[in-house]
Amino acid sequence: MILLLWVCTIFGFLPVGQDTVSLTEVEVFAPAIDKFAQGQKVQVLEKTELEIYRGRSLGDLLQERTGIFVRQYGAGMLASPSFRGTSAGHTALFWNGLPINSPSLGQSDLSILPMAGIDQAAIQFGNAGALFGNEAIGGSIHLETKSEFGSGFQAGISQQFGSFGLANTYLSAGFSSKKFSTKTRVYRESATNDFPYQNLGQIGTPEVRQQHARFEQNGIVQDLAWNLNSKNQLKTSIWWNKANREIQPVMGSNTRDQQEDQSFRAVVDYFLFGEKSIFNLKTGLVRDEQVFNQSQNNTTQYFASGDWDKDFSFKWTGKAGVRFTLAKGDLSTYQAEDNRLELYQSTRFSPSEKISLSLNLRQLVYSGTFAPFTPSLGMDWKVWQGKNQTLKLKTSAGKGFKVPTLNDRFWNPGGNPELLPEESLSGEIGLNWTKTGKINMSHGITYYRMQVDNWIIWVPKGNIWSPENIRKVSNQGIEYEGKASWETGNWQWKADASYTFSKAVSTEGIDENDPALGKQLPYTPKHQVNGRISADHRGFTGFLGTFFVGERSVTADNPRQMPGYQLWNLGVGYQNLKWGKLNFPLSFQINNILNTDYQVLYLRAMPGRSYQFNLSIHL
Amino acid sequence: MKIKLHQSIWAFALIFILFACDDSGSERPLGAYETGILIMNEGAFGSNDGEVYHLEPASGFLKPNIFEMENNRPFAGLLEDMVMEGERLYLVANTGKVEIVNSGDFKSRGAVAGGLDQPRSLAINGNKLFISDYGPYDGSYNTPDSYIAVVNGLDGGAVGKKIQVSNKPEDLYSIGKFVLVAGSEEKSLQVIDAETETLTKTLVVAGSPTQFFILGTQLWLFAPASDKVYFHRINTSNFDLTETVEMAIPDATGKMAIGNNGKIYLLTSTGWPTYEDAVASVSIPNSQPIVKELIKGSGFYGIGFDQNRGELYVTNAKGFQGNGNVTVYNESGTVLKTLDLGRGPSGFMMR
């Protein structure tokens with residue numbers, strides 16, 4: 001009934017008789033993140049991939065479709081990424097080119113970055129301090145909204161229902177001409193999250209329903225773009241998101257914590273397209289307000305940057321820029337301000353069609369302190385090219401850094417203003433083989449090595465916890481990913497698989513007797529596997545996916561190991577249900593088909609089998 | 001006919017079991033944990049990995065995680081206190097529950113699972129459990145609604161009455177039909193009538209009371225302040241203070257252990273930022289000289305004393321980054337050995 005009402009509402013404001021036919025679609029400009037990322041691994045997750053995960057979270061997407069390990073504190077609870085054995089604070093996160101990690105925490109919660117707010121996610125693996133700046137030690141995540149000119153009027157509504165009280169609603173409407181583009185999205189996601197689990201913290205370990213894990217989030221995304229003339233483009237994006245969560249207690253606890261997170265992000269880009277050059281002015285604002293129980297922590301970041309990207313010749317391309325950031329923190333125990341200025345420069349040299357080399361340099365100064373100077377060097381080399389095969393060698397080396405967060409420096413009591421930035425040094429080498437033909441295939445294998453020094457850890461000093469530059473960590477690993485696509489009759493098939501081996505050990509600790517020395521970092525699985533096969537037949541789609549996460553230890557000295565787990569997900573859909581201009585995509589998913597009992601983190605319950613039904617109407 | 005056969009088999013079985021169980025008391029085998037030292041590991045915040053280790057001090061044999069081993073489930077809580085009463089051992093988790101196990105074999109026998117917020121300690125009076133609880137945090141992390149929860153039945157169950165007491169109650173002591181409460185934040189000694197479950201008396205005392213202890217036949221209350229410590233002797237008939245002994249020992253943490261010959265060992269810490277820890281030794285009455293820094297170090301977290309062997313146990317939580325350890329000293333502060341323990345080792349029960 002409610003759905004019907006929404007449908008009527010949508011129909012209510014549909015303009016009749018549009019003239020969209022004559023327009024040609026042109027995507028609104030966004031700088032490519034991999035233009036100077038030679039020798040580095042970048043995985044782009046397109047909209048179709050993201051749509052499968054709509055209603056779930058960015059954390060689920062990254063865990064199941066990339067080699068990243070996501071530390072999940074329960075269903076819908078805090079989820080933080082760990083790339084290549086580094087910590088959550090070693091991941092830079094961008095939204096439309098703005099760094100959006102919290103300046104007080106130095107990380108982001110993937111659970112409150114709903115898929116509904118983004119159209120593309122690109123994942124860059126490894127150290128990229130020179131290219132992307134602060135916190136890009138383990139890797140970086142680039143979320144983008146995409147819109148286009150010349151596509152006329154578009155609208156859609158989508159409703160999801162699922163297990164454990166899942167009810168999500170998405171509305172979108174947009175209009176674009178050759179000159180102007182607007183797209184508005186509104187969403188609401190909620191779940192009671194009362195999944196059954198075996199409570200190990202209770203006598204008799206009964207199966208109980210999860211209490212106090214209700215989740216709700218609402219948001220609006222607005223994209224606007226103008227072609228001022230053939231050389232000038234202005235675009236802006238605004239994202240407001242508000243999440244209300246009951247914090248799922250650890251088994252054995254009956255905490256009743258409540259958390260509200262409200263984020264407002266806005267970015268304005270001006271592009272001047274010149275003769276083989278692009279000048280970009282960018283300004284933005286990120287405001288995060290968090291209320292945990294009754295304690296309030298707010299931060300605001302203001303950004304202003306400008307850069308110039310120029311193709312000097314066929315062989316030489318360069319980019320140079322400057323960014324200014326003002327971060328203000330108004331936390332429950334302190335107030336602080338940090339201003340950051342960074343200069344960056346990238347050069348790409350392609351002596352032949354087969355080889356591209358890049359050199360990236362960056363220097364950041366925060367509140368008068370120089371962060372480590374970060375250079376990086378990379379190369380892509382087509383070692384061999386056959387008729388329909390290519391073998392590419394990728395290699396890169398570079399430095400990265402992390403400025404101590406506002407909490408690290410100013411939390412009262414305990415904050416340590418004397419902290420040094422964390423510093424990393426890494427190198428990687430990989431081979432990629434692609435083959436086209438009856439079966440299109442690609443295989444890639446990468447070996448990396450990294451060292452992170454001055455790793456910041458909070459340790460108790462009596463009753464007060466205080467951060468120190470304690471650990472030195474050495475990481476190395478191997479990553480494989482393979483893809484294949486082929487056709488049999490009217491069936492289109494796709495399959496992919498990836499495997500990650502990651503060894504991350506402490507080489508320096510609290511003292512020489514630190515039992516963590518030489519041991520794998522806590523909550524860092526050595527082995528991870530992902531795989532999926534999907535089929536498309538005359539509008540019918542289906543997929544079967546699985547992922548495996550290996551054993552991981554609870555603490556740095558490894559006495560307790562959490563068992564590995566493997567989960568399976570299944571989805572089916574039909575895309576060709578049409579009525580006039582309307583399209584009604586339908587889909588159904590089963591997550592954790594085998595109802596596997598697992599915990600990602602110790603004593604944090606996770607849901608068993610769940611169902612999710614999606615119905616959409618697209619115009 | 002079948003039913004009758006079954007019935008007779010059951011009857012036979014019942015008689016057999018009754019006879020088998022008819023032990024005379026003295027022949028009962030000792031539980032694995034009835035001797036030796038039980039070591040409390042608090043666990044780390046957010047991980048709920050508190051556990052109990054068992055140590056045979058003579059052989060040095062250490063058994064880790066005995067709750068999980070005996071019950072096939074994790075303790076799943078932050079272990080704040082252990083209280084023994086006869087065949088029952090109460091494991092108080094400040095994450096909101098009390099687990100009750102057999103003191104001999106550690107098999108689970110009950111729990112107080114709901115109705116608690118941040119329990120700290122427990123006392124038994126008659127057939128009732130009294131549990132001190134900080135109560136919930138308010139917006140500024142204060143605990144204005146501290147209480148003593150009453151549970152009817154020694155094997156746990158539901159919380160009945162909650163008796164409002166002064167903020168942050170710690171140790172409890174049961175005497176006659178009364179339960180005494182060490183009120184740490186508002187510096188009080190409070191008396192609860194266990195029968196009527198009402199607060200009958202509040203005394204404001206010097207220092208922040210943390211622990212009751214018996215010395216000889218006398219009941220004392222330990223109450224540290226920032227620059228000195230107080231020992232209050234309690235009149236066990238009217239619960240007034242009969243005497244207060246004051247000593248100039250700064251930075252006492254509230255953790256203490258009773259040694260031999262009237263000696264008391266106190267854990268001190270300068271705290272943040274200098275963070276120098278020490279063990280002080282004192283005696284009541286002031287018959288022996290005060291030693292402010294019998295042992296010096298950093299990261300001290302718990303203290304215990306084995307009166308049989310005259311050995312002092314001082315734990316180190318190792319920054320809660322992983323497991324901690326304990327160093328065993330003789331009475332003059334010489335290191336005897338060091339043992340690795342669980343997460344956040346915080347206290348001992350010498351059996």
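Taking A:K382 and the conditions (1) farther than 18 Å from A:Q451 by Cβ; (2) among the charged types (D, E, K, R); (3) under 24 Å from the mean Cα position of the chain (by Cα), which numbered condition does it fall short on, given that it satisfies the others?
Tallying (1) farther than 18 Å from A:Q451 by Cβ; (2) among the charged types (D, E, K, R); (3) under 24 Å from the mean Cα position of the chain (by Cα), A:K382 fails exactly one: (3).
Every residue, every condition in (1) within 14 Å of chain B (Cβ to nearest Cβ); (2) closer than 30 Å to A:E512 by Cβ; (3) in a strand (DSSP E or B), yes or no:
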| position | (1), (2), (3) |
| --- | --- |
| A:I445 | no, no, yes |
| A:D453 | no, yes, yes |
| A:W465 | yes, yes, yes |
| A:E487 | no, no, yes |
| A:K494 | no, no, yes |
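Select the strands (runs of 3 or more DSSP E) contained entirely in segment B:170-217, then report the ones holding at least 2 residues which are of a type in the set (A, V, I, L, M, F, W, C) and buried (at least 20 other Cβ atoms within 10 Å of the Cβ). I'd like the intermediate steps shown before the answer.
Values: elements: B:178-183, B:188-193, B:198-204, B:211-215.
Where strands (runs of 3 or more DSSP E) fall fully within segment B:170-217 and carry at least 2 residues being of a type in the set (A, V, I, L, M, F, W, C) and buried (at least 20 other Cβ atoms within 10 Å of the Cβ), they are B:178-183, B:188-193.
Going by what's in this entry, would B:E170 be described as on the phi > 0 side of the Ramachandran plot, among the acidic types (D, E) and in contact (Cβ under 8 Å) with a residue 24 or more places away in the chain?
Values: on the phi > 0 side of the Ramachandran plot: no; among the acidic types (D, E): yes; in contact (Cβ under 8 Å) with a residue 24 or more places away in the chain: yes.
Judged against the criteria, B:E170 is not a match.
Could you list, in sequence order, all residues of segment A:314-336 that are of a type in the set (S, T, Y) and modelled with pLDDT of 95 or more?
Here is the first cut: in segment A:314-336, the ones of a type in the set (S, T, Y) are A:317, A:325, A:332-334.
Answer for segment A:314-336, where residues must be of a type in the set (S, T, Y) and modelled with pLDDT of 95 or more: A:T317, A:T325, A:Y334.
Yes or no, residue by residue, for (1) farther than 29 Å from A:L113 by Cα; (2) touching a Pro at 6+ places or on another chain (Cβ under 7 Å); (3) of a type in the set (S, T, Y):
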{"residue": "A:V267", "(1), (2), (3)": "no, no, no"}
{"residue": "A:Y270", "(1), (2), (3)": "no, no, yes"}
{"residue": "A:K276", "(1), (2), (3)": "yes, no, no"}
{"residue": "A:K319", "(1), (2), (3)": "yes, no, no"}
{"residue": "A:A327", "(1), (2), (3)": "no, yes, no"}
{"residue": "A:D330", "(1), (2), (3)": "no, no, no"}
{"residue": "A:A336", "(1), (2), (3)": "no, no, no"}
{"residue": "A:S376", "(1), (2), (3)": "yes, no, yes"}
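Taking B:A113 as meeting all but one of (1) at pLDDT below 95; (2) over 25 Å from B:I66 (Cβ atoms), write down the number of the exception.
Looking at each condition in turn, B:A113 falls short on (2).
Of the residues that sit in segment A:544-564 and are assigned to a strand (DSSP E or B) and surrounded by fewer than 18 Cβ atoms within 10 Å (Cβ to Cβ), which one is nearest to the other protein chains (Cβ to nearest Cβ)?
Kept after step one, since they are assigned to a strand (DSSP E or B), are these residues of segment A:544-564: A:544-549, A:552-553, A:561-562.
Filter once more, so that each one left must be surrounded by fewer than 18 Cβ atoms within 10 Å (Cβ to Cβ): A:544, A:548, A:561.
Values: A:L544: 34, A:F548: 24, A:Q561: 13 Å.
Here the answer is A:Q561.
If I ask for residues that are more than 16 Å from A:I456 (Cβ to Cβ), in contact with a helix residue (DSSP H, G or I) (Cβ under 8 Å, 6 or more places away or on another chain) and part of a loop (DSSP other than H, G, I, E, B), which ones from segment A:109-135 would you list?
A:L113, A:P114, A:I118, A:D119
Which pairs have Cβ atoms under 6 Å, sit 6 or more apart or on different chains, and link a residue in segment A:73-92 that is β-branched (V, I, T) to one that is at pLDDT 95 or above and surrounded by fewer than 24 Cβ atoms within 10 Å (Cβ to Cβ)?
Within 6 Å, no pair qualifies.
Just to be sure I understand, how many residues within segment A:100-115 are touching a strand residue (DSSP E or B) at 6+ places or on another chain (Cβ under 6 Å) and over 19 Å from A:S57 (Cβ atoms)?
Residues flagged as touching a strand residue (DSSP E or B) at 6+ places or on another chain (Cβ under 6 Å) and over 19 Å from A:S57 (Cβ atoms) within segment A:100-115 amount to 2.
Among (1) outside any helix (DSSP H, G or I); (2) at pLDDT 95 or above, where does A:Q63 come up short?
(1)
Which ones in segment A:266-304 are polar (S, T, N, Q), assigned to a strand (DSSP E or B) and farther than 15 Å from A:K235 by Cα?
Residues of segment A:266-304 polar (S, T, N, Q): A:277, A:280, A:283, A:290, A:293-301.
Still in the running and assigned to a strand (DSSP E or B): A:277, A:280, A:283, A:290, A:295-301.
Within segment A:266-304, A:S277, A:Q290, A:S295, A:Q296, A:N297, A:N298, A:T299, A:T300, A:Q301 qualify.
Mind checking which residues of segment B:44-70 are under 15 Å from the mean Cα position of the chain (by Cα), within 14 Å of chain A (Cβ to nearest Cβ) and crowded, with 24+ Cβ neighbours inside 10 Å?
B:G50, B:E51
Restricting to segment B:256-279, give me the number of residues that are within 14 Å of chain A (Cβ to nearest Cβ) and either in contact (Cβ under 8 Å) with a residue 60 or more places away in the chain or among the polar types (S, T, N, Q) (or both). Give the derivation first.
First, the residues of segment B:256-279 that are within 14 Å of chain A (Cβ to nearest Cβ): B:267-278.
Still in the list and also either in contact (Cβ under 8 Å) with a residue 60 or more places away in the chain or among the polar types (S, T, N, Q) (or both): B:268-270, B:274.
Of the residues in that region, 4 qualify.
Residue-by-condition table, conditions (1) touching an Asp or Glu at 6+ places or on another chain (Cβ under 6 Å); (2) more than 26 Å from A:V208 (Cα to Cα); (3) not small (G, A, S):
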residue: A:F543; (1), (2), (3): no, yes, yes
residue: A:R560; (1), (2), (3): no, no, yes
residue: A:V572; (1), (2), (3): no, yes, yes
residue: A:I593; (1), (2), (3): no, no, yes
residue: A:G608; (1), (2), (3): no, no, no
residue: A:F613; (1), (2), (3): no, no, yes
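Name the residues in segment A:66-108 that are among the aromatic types (F, W, Y) and in a loop (DSSP other than H, G, I, E, B), would you? Full working, then the answer.
Step one: of segment A:66-108, the residues among the aromatic types (F, W, Y) are A:69, A:73, A:83, A:94-95.
Answer for segment A:66-108, where residues must be among the aromatic types (F, W, Y) and in a loop (DSSP other than H, G, I, E, B): A:Y73, A:F83.
Looking at A:E512, is it in a loop (DSSP other than H, G, I, E, B), of a type in the set (D, E), surrounded by fewer than 20 Cβ atoms within 10 Å (Cβ to Cβ) and within 14 Å of another protein chain (Cβ to nearest Cβ)?
Details: in a loop (DSSP other than H, G, I, E, B): yes; of a type in the set (D, E): yes; surrounded by fewer than 20 Cβ atoms within 10 Å (Cβ to Cβ): yes; within 14 Å of another protein chain (Cβ to nearest Cβ): yes.
In short, yes.
Evaluate the following for A:Q599: is it closer than 16 Å to A:Q63 by Cβ and within 14 Å of another protein chain (Cβ to nearest Cβ)? First the steps, then the outcome.
On the way: closer than 16 Å to A:Q63 by Cβ: yes; within 14 Å of another protein chain (Cβ to nearest Cβ): yes.
Spelling it out, A:Q599 is indeed closer than 16 Å to A:Q63 by Cβ and within 14 Å of another protein chain (Cβ to nearest Cβ).
Of all residues in segment A:219-236 being surrounded by 14 or more Cβ atoms within 10 Å (Cβ to Cβ) and not aliphatic (A, V, I, L, M), which is nearest to A:R54 (Cα to Cα)?
A:G219
Taking segment B:238-270 only, how many residues are part of a strand (DSSP E or B) and either of a type in the set (F, W, Y) or at positive phi (or both)? Give the steps one after another, and end with the answer.
We begin by selecting, within segment B:238-270, every residue part of a strand (DSSP E or B); these are B:241-247, B:252-258, B:263-269.
From the residues that got through so far, the ones that are either of a type in the set (F, W, Y) or at positive phi (or both) too are B:254, B:265.
Qualifying residue count for the region: 2.
Restricting attention to segment B:71-91, and to residues there that are part of a strand (DSSP E or B) and within 15 Å of B:G344 (Cβ to Cβ), which single residue is nearest to the other protein chains (Cβ to nearest Cβ)? Spell out how you get there, then give the answer.
Restricting attention to segment B:71-91, the residues satisfying the condition of being part of a strand (DSSP E or B) are B:77, B:79-85, B:88-91.
Filter once more, so that each one left must be within 15 Å of B:G344 (Cβ to Cβ): B:77, B:79-82, B:91.
Working: B:G77: 4, B:L79: 11, B:E80: 13, B:D81: 16, B:M82: 16, B:L91: 11 Å.
For segment B:71-91, the residue satisfying everything is B:G77.
Given the structure, is B:G110 within 13 Å of chain A (Cβ to nearest Cβ), closer than 16 Å to B:E85 by Cβ and touching a residue at least 24 places away in the same chain (Cβ under 8 Å)? Spell out the reasoning first.
Details: within 13 Å of chain A (Cβ to nearest Cβ): yes; closer than 16 Å to B:E85 by Cβ: yes; touching a residue at least 24 places away in the same chain (Cβ under 8 Å): yes.
The answer is yes for B:G110.
Here are some residues: A:Q301, A:Q296. Which one is loosely packed, with under 15 Cβ neighbours inside 10 Å and touching a residue at least 24 places away in the same chain (Cβ under 8 Å)? Let's see the steps before the verdict.
Details: A:Q301 fails: loosely packed, with under 15 Cβ neighbours inside 10 Å.
The unique qualifying residue is A:Q296.
Out of all the residues in segment B:297-345, which are small (G, A, S) and either within 12 Å of chain A (Cβ to nearest Cβ) or over 19 Å from the mean Cα position of the chain (by Cα) (or both)? Step through it out loud before you land on a result.
As a first pass, look at segment B:297-345 and keep what is small (G, A, S): B:297-299, B:302, B:304, B:310, B:317, B:319, B:322, B:324, B:332-333, B:342, B:344.
Across segment B:297-345, the qualifying residues are B:G297, B:S298, B:G299, B:G310, B:A317, B:G319, B:G322, B:G324, B:S332, B:G333, B:G342, B:G344.
From (1) modelled with pLDDT of 95 or more; (2) in contact with a Gly (Cβ under 7 Å, 6 or more places away or on another chain); (3) of a type in the set (K, R), pick out the condition that doesn't hold for A:R188.
(2)
Restricting to segment A:304-323, name every residue that is farther than 21 Å from A:S263 by Cβ and surrounded by fewer than 17 Cβ atoms within 10 Å (Cβ to Cβ).
Start the filter on segment A:304-323 by keeping residues that are farther than 21 Å from A:S263 by Cβ, which leaves A:306-322.
A:G306, A:W308, A:K310, A:D311, A:F312, A:S313, A:F314, A:K315, A:W316, A:A320, A:V322 - these are the residues of segment A:304-323 that are farther than 21 Å from A:S263 by Cβ and surrounded by fewer than 17 Cβ atoms within 10 Å (Cβ to Cβ).
For segment A:507-560, name all the residues that are closer than 15 Å to A:G85 by Cα and acidic (D, E).
A:E551
The values are calculated or read from the model by the stated rules, or taken from the named source; none is laboratory data. Just so you know, these numbers come straight off a predicted model, no measurement behind them. Ideal geometry is used to build each Cβ from the backbone, glycine not excepted, and the neighbour counts take in all protein chains shown.
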